[in-house]
Each structure stands twice: as C-alpha cells, then as structure tokens.
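Following: one structure in structure tokens, then a few remarks.
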Amino acid sequence: MSDKTNTSFGYPEPFARFYDLIYHSMRDSVDHEYFQNEISQAGGKVLEIGVGTGRLFTDALNRGADIYGIDVSRHMIDVLLGKLDKDQHHRITLQNIIDFSFDFGFDLIVAPFRVIMHLAGKEDQLNALNNVCRHLNSNGRFIFDVFVPDLKQLISGLNNFTDFEGEYEPGKKVRRIVTTQPDLINQTITVNFHLEWDEDNSVNIHNWEVPLRFFFRYELEHLLERSDFSKYKILGDYHGKELSNDSREFIVVCRK
Ligand SMILES: C[S@@+](CC[C@H](N)C(=O)[O-])C[C@H]1O[C@@H](n2cnc3c(N)ncnc32)[C@H](O)[C@@H]1O
C-alpha cells in the first residue's frame with residue numbers, strides 16, 4: 001500500500017488519470033450539451049480555458065470546431081494530448097487564465113466546470129477576466145460557471161462521502177472519497193479527494209486537497225462590473241433558466 005499526500009495546487013497525476021472515468025459519468029449529463037451548442041454556434045475561433053483532459057474539448061474538435069485549449073496542469077494536458085492526433089497538438093498549451101496570450105482573438109471563450117473557482121484572490125480574478133476580455137473579438141462572449149453555495153454544506157461540509165466507485169479496467173476497482181472543509185471568512189471550500197485503486201496486487205492511495213473559492217450572486221456581479229466586460233447575464237442552469245432560489249449554478253455570459 002502506498003500513501004502520498006499532495007497539497008500542491010496543480011491537478012495531480014492520479015486525479016488526471018481517473019478524471020474521465022469519474023466525470024464523464026458525473027458531469028456530462030449536466031453541461032455537455034450546453035457547451036457543445038455554444039461552441040458550435042460560435043462561428044469562429046473558440047478557446048476553452050481549463051481544458052483539462054478534454055472532456056468537452058475532444059467532442060467539439062471532432063464536430064469541426066476551430067477550438068484551442070489552455071490549462072495549468074501538465075498532467076491534465078498530457079491525458080488530453082494522448083487523445084489527439086499530433087497535427088492537433090498545437091491547439092493545446094500550458095498557460096494560466098491570468099496571463100495567457102495568443103496573437104489572434106476568439107469569438108467565444110469558455111471556462112467550464114468551476115475553473116474560475118480556482119482563483120482565490122480579487123486581483124487574480126480581475127486580471128483573469130480582463131485578460132479573457134482582451135482576447136475576445138468584438139461581439140465575442142465569455143461563458144463560465146461557478147456553483148451556487150449550498151448553505152447546509154457550508155455549515156457542515158462533507159465527511160468521507162464516497163462519490164465514485166467503479167472499475168477502470170476489468171477487475172480493477174477505483175473509489176473516490178470526498179471530505180470538505182468550509183471556511184466562511186475566506187469563502188473557500190477545501191476539498192480533500194481520497195483516491196483508492198487496485199494496481200500491482202495492492203491498493204494504491206492518493207490524497208489531494210484543493211481549495212475552491214465560492215461566490216454569492218452580488219459579489220459575482222460586483223466583480224464583473226469592475227472588469228472590462230461591458231455586459232453580462234447570469235443564468236441559473238444549463239437550459240437558460242433565469243436565476244431563482246432553485247438554481248444550483250451561476251452560468252455567467254459576459255460580452256466584450
Ligand atoms: C474541474 S476541471 C475542468 C476541466 C474541463 N473544463 C472539464 O469541463 O472537464 C478544472 C481545470 O481548470 C484548470 N485550471 C485551474 N486553474 C487554472 C488557471 N488559473 N488557468 C488555467 N486553467 C486552470 C485545472 O488544471 C483543471 O484542469
């Protein structure tokens with residue numbers, strides 16, 4: 001049995017390795033269709049920020065999108081590059097939302113599935129928004145999502161909750177156990193991911209902690225109004241519903 005704890009920021013190798021297995025089943029039914037529709041209607045170049053293992057990117061590319069991707073995790077990007085033909089590798093670069101740079105603009109930039117929640121400080125959040133805005137063509141849009149804080153979970157957190165159990169190869173199991181630690185003053189939920197998987201006749205273990213910075217509605221609005229974006233709209237789900245007390249997501253659509 002091996003036990004490694006990794007508290008560094010970047011998504012680690014075991015997390016990247018099992019990401020698709022876990023999130024294709026957990027997340028595709030929620031956001032896949034929404035982002036594919038937006039990407040297919042963009043009408044020009046698209047950038048996915050926090051492209052990860054390409055859960056959304058590879059489908060978009062296969063459907064003919066002129067799409068590029070950036071991410072700060074070498075391990076996530078390596079999984080994605082393994083899925084792409086060599087002549088498409090130029091589309092993927094290791095860059096940070098805060099200071100990425102391209103010498104061309106985009107008609108649509110997306111940061112799906114909590115990417116913005118990895119930015120803890122106001123300065124980083126604002127720099128990120130303004131850098132995205134700078135890279136949009138006129139009439140370009142930026143879409144990102146963050147979760148609506150669940151008040152019950154903010155008080156009690158999750159304690160050793162098994163959110164995934166399955167086989168990654170015939171006869172080889174992987175299990176993920178999640179514990180969360182809310183911090184109301186710093187507006188973060190630190191998520192501890194405990195992965196266990198069968199390999200080489202033993203059970204491997206990897207622990208990784210990552211803080212997610214949560215937002216309430218009006219903080220999000222104030223932030224957007226401080227940014228260079230001229231307009232924005234916050235939706236309450238991936239079907240275009242208005243915000244309400246039933247909303248679980250803030251889906252933010254910003255215009256240059
Ligand atoms: C939850 S994953 C989402 C991946 C993919 N967009 C999806 O929907 O499956 C968040 C991704 O954002 C990346 N990320 C975190 N902070 C970032 C930053 N500052 N700039 C660019 N990417 C970042 C992480 O490395 C990770 O791959």
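A short reminder: the numbers here are calculations on the coordinates, not readings from a lab. Remember, it's a predicted structure, so these values are computed and weren't measured experimentally. Cβ sites come from the backbone with ideal geometry, for glycine too, and all protein chains shown count toward neighbours.
For the pair the stretch 66-102 / the stretch 190-256, the C-alpha centres are spaced 21 Å from each other. Residues considered: Y232, Y218, Y23. Largest GNM mean-square fluctuation over the chain, using C-alpha springs under 10 Å, is found at Y218. Note on the chain: GNM, Cα springs under 10 Å; of L21, L212, L224, the largest mean-square fluctuation is that of L21.
With the cut-off at 30 Å, tell me which of the pairs K122/K152; K152/K256; K45/K241; K122/K256 have Cα atoms farther apart than that. Checking Cα-Cα distances, K152/K256 exceed 30 Å. When you restrict to C-alpha pairs under 8 Å that are six or more residues apart and normalise by the size of the chain, the relative contact order lands at 19 percent. Excluding same-chain neighbours fewer than eight residues apart, the lysines reachable from K172 by a Cα-Cα span under 29 Å are K4, K83.
Annotation for E123 and F104: the two label points, set 7 Å from Cα along the Cα-Cβ direction, are 3.4 nm apart. Of all the options N207, N139, N192, the one that moves most in a Gaussian network model of the chain with Cα springs shorter than 10 angstrom is N139. Projecting the Cα atoms of L56, I234, N160 onto the charge dipole of the chain, computed from C-beta unit charges around the Cα centre, puts I234 farthest toward the positive end. As a size descriptor, the averaged projected area of the C-alpha convex hull of the chain was calculated at 14.1 nm². For a label point 7 angstrom out from the Cα of D150 toward its Cβ, which stretches of the stretch 97-117 have the backbone nitrogen within less than 20 Å? In the stretch 97-117, the label zone of D150 (backbone N under 20 Å from the point 7 Å along Cα→Cβ) covers 113-117. Taking every Cα-Cα distance in the stretch 151-212 and sorting them into 5 Å bins starting at zero, the pair-distance distribution P(r) comes out as 4, 18, 23, 20, 13, 10, 7, 4, 1, 0 percent.
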